[in-house]
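**Student:** Can you read through this structure? Questions will come right after.
Derivation of every value follows stated rules applied to the coordinates shown; laboratory data play no part. All values derive from a computational prediction rather than experimental measurement. Note that each Cβ is placed from the backbone with ideal geometry, even for glycine, and that neighbours are counted across all protein chains shown.
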Amino acid sequence: MPISSLLRRLAPFRARARWKAAAALGGAAALTATLLAGAPTATASTYDPSSRCPAGKFCVFQSPDFGGQMATFSTSQPTLGWWDNRISSLVNNTGLYISLLDGPNYTTQHVGSLYVSPYNGAIDLNFSFSELDNVFSSIRIAHSDFELSYGTPYMDWYRPDSRPSGLPAAAQFGDLNGDGRPDLLERAYGGKLWFLPGDDKGHLIGAGWDSMTKLVRHGDYNGDGKEDVFARDKNGVLWLYPGNGKGWFAPRVKVGGGWNSMRQLAAVGDLNGDGRRDLVAVDSAGVLWLYPGNGHGWFAPRVKIGGGWSGMNALLGVGDVNGDGKSDLIARDSARGLWLYPGNGRGWFGARTKFSASWPSDQQLFATGDITGDGVSDFDRGFPGQSYYYQGLGNGKFSNPMADMPWDGAGYVWAF
Ligand SMILES: [Ca+2]
Ligand SMILES: [Ca+2]
Ligand SMILES: [Ca+2]
Ligand SMILES: [Ca+2]
């Protein structure tokens, strides 16, 4: 059972320490409250005991009203040692998501747990949640609400289906480890890149990927039959990361510089019909260019496809979705419209068709190939808290969205 279902999601709670609540009622009330709390009267109206917790720290206190021993934690604590059943007040001066639970190892037992949002400030348990006073036995600390709820720093996706063998080339992408099922790559907190094969057995590829401003993939580009990744760094250099067929990469190879002028970039499969996979990119003037793959991991001279693409905020190399065996392209415009551009197999597109519904720019779209195992490409969309997949029907149309996996909506998350 996910931890989330066990968490008591309490409303945001900010700085309701006893002395502060009393102070709002005026000096006399504040003095009375402070006397009840047993704090010194001389500094009652000016001293904030929760200020013992330094800026940027998460602090717990032994006594009510931020008194007694104080400790700071920056990582999850499955057990609390001396602090077990001794936390009476706390302050979160960090951007971290925190839950305190009354059992060890992030379990709840009799009373429950407390959800503390980032920069929540001071909470006096003894005053505000007396049933939670002196009960906590573990603390989970996370960089996103998702990680706090699910206990993993990556999105654990599950792929129930495998793809049929003998698919046309236009359907052969999205599978980094060659098991016949599409995989997900996720860049998560700290620039960590996770390989998520859909069977609960993902692994960390490495960190430092937050230096990349674009990450795309669509099958094999260097001719070894194993899916690769292209990444553009902050200096505008495009790199090929050759996949090793197991969810890792061989040392990267520089493709070239100057790619910072591109507003959008997508790996799209073979658009010009030579059997080699290609890239497309939109430049700052809104021109869409075809970069024909040469089968060795880099590209022949680019070819202009057409202008007017400056409003597009997402390009999606979905493979063939209309059943003609030629790779197609999906693009999202700034008016929340989504369009299917059917590839003509000669390097450009037939007449586009518009999807129904609204497609906001802040919701990620990602194409990982055939999710459902029917041989037709699908694509995914991250809604707040949940991603959904749209099943390709093979005629250029798609199913209604179907729930896929819990979605980490943190700003640093990028799935592809
Ligand atoms: Ca390859
Ligand atoms: Ca090609
Ligand atoms: Ca097609
Ligand atoms: Ca499918």
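**Student:** Order the peptides 106-119, 245-258 from the highest to the lowest mean number of other Cβ atoms within 10 Å of their residues. Each step should come with its number before you reach the end.
**Tutor:** On the way: 106-119: 17.8, 245-258: 14.2.
The densest-packed peptide leads the list: 106-119, 245-258.
**Student:** Could you give me the ³J(HN,Hα) list for the stretch 101-116, computed from phi with Karplus coefficients 6.51, -1.76, 1.60 and θ = phi - 60°, whole Hz, x at Gly and Pro?
**Tutor:** Along the stretch 101-116, the couplings run 10, 7, x, x, 6, 6, 10, 10, 10, 9, 9, x, 8, 10, 9, 10 Hz.
**Student:** Which percent of Cα-Cα pairs in the stretch 123-210 sits in each 5 Å bin, short to long?
**Tutor:** Reading upward from the zero bin: 3, 12, 15, 16, 13, 10, 7, 8, 6, 3, 3, 2, 1, 0.
**Student:** For every other residue with a beta carbon closer than 15 angstrom to the beta carbon of Ser74, add +1 if it is Lys or Arg and -1 if Asp or Glu, then tell me the sum.
**Tutor:** Numbers: positive: Lys57, Arg140; negative: Glu147.
Its environment carries a net charge of +1.
**Student:** Let me ask something else about it. Can you give me the pair-distance distribution of the stretch 40-142, C-alpha pairs, 10 Å bins, whole percents?
**Tutor:** Histogram of Cα-Cα distances, whole percents per bin: 17, 52, 25, 6, 0.
**Student:** State, as an integer percentage, the relative contact order of the stretch 283-396 based on alpha-carbon contacts under 8 Å between residues 6 or more apart. The partial results should precede the final answer.
**Tutor:** On the way: 243 pairs, mean separation 20.9, N = 114.
Dividing the mean separation by the residue count of the stretch 283-396 yields 18 percent.
**Student:** Follow-up. Could you work out the local net charge near Phe355, counting Lys and Arg as +1, Asp and Glu as -1, over the other residues with Cβ closer than 15 Å to its Cβ? Mind showing how you got there, number by number?
**Tutor:** Numbers: positive: Arg332, Arg336, Arg352, Lys354, Arg381, Lys397; negative: Asp328, Asp333, Asp378, Asp380.
Spelling it out: positives minus negatives among the neighbours equals +2.
**Student:** Using only C-alpha positions, report the orientation-averaged shadow area of the convex hull of the chain, nm², one decimal.
**Tutor:** Details: hull surface 93.0 nm².
Across all orientations, the chain yields a mean hull projection of 23.2 nm².
**Student:** Further, regarding this structure: Residue by residue through the stretch 215-231, what is 3J(HN,Hα) from phi via Karplus (6.51 cos²θ - 1.76 cosθ + 1.60, θ = phi - 60°)? Round to whole Hz and write x for glycine and proline.
**Tutor:** Values per residue, Gly and Pro as x: 9, 9, 7, 6, x, 8, 10, 10, x, 9, x, 10, 5, 10, 10, 9, 9 Hz.
**Student:** Quick one: if you stick a label point 7 Å off each Cα along the C-beta vector at Ala207 and Thr152, how many nm between them?
**Tutor:** Placing both labels 7 Å along Cα→Cβ, they lie 2.0 nm apart.
**Student:** Counting only other residues whose beta carbon sits under 15 Å from that of Gly311, what net charge do I get with K and R as +1, D and E as -1? The partial results should precede the final answer.
**Tutor:** Numbers: positive: Arg263, Arg332, Arg336, Arg352, Lys354; negative: Asp283, Asp333.
Charge balance near Gly311 sits at +3.
**Student:** Find the centroid of the Cα atoms in the stretch 65-125 and in the stretch 218-241, then give the distance between the two in whole Å.
**Tutor:** If you average the Cα positions of each part, the centres end up 44 Å apart.
**Student:** Can you give me the C-alpha center-to-center distance between the stretch 291-337 and the stretch 135-204, rounded to a whole angstrom?
**Tutor:** When both Cα centres are located, 25 Å separates them.
**Student:** OK, next. Compute the angle between helix 27-37 and the longest alpha-carbon principal axis of the chain, please, reported from 0 to 90 degrees and rounded to the nearest 10.
**Tutor:** 90 degrees
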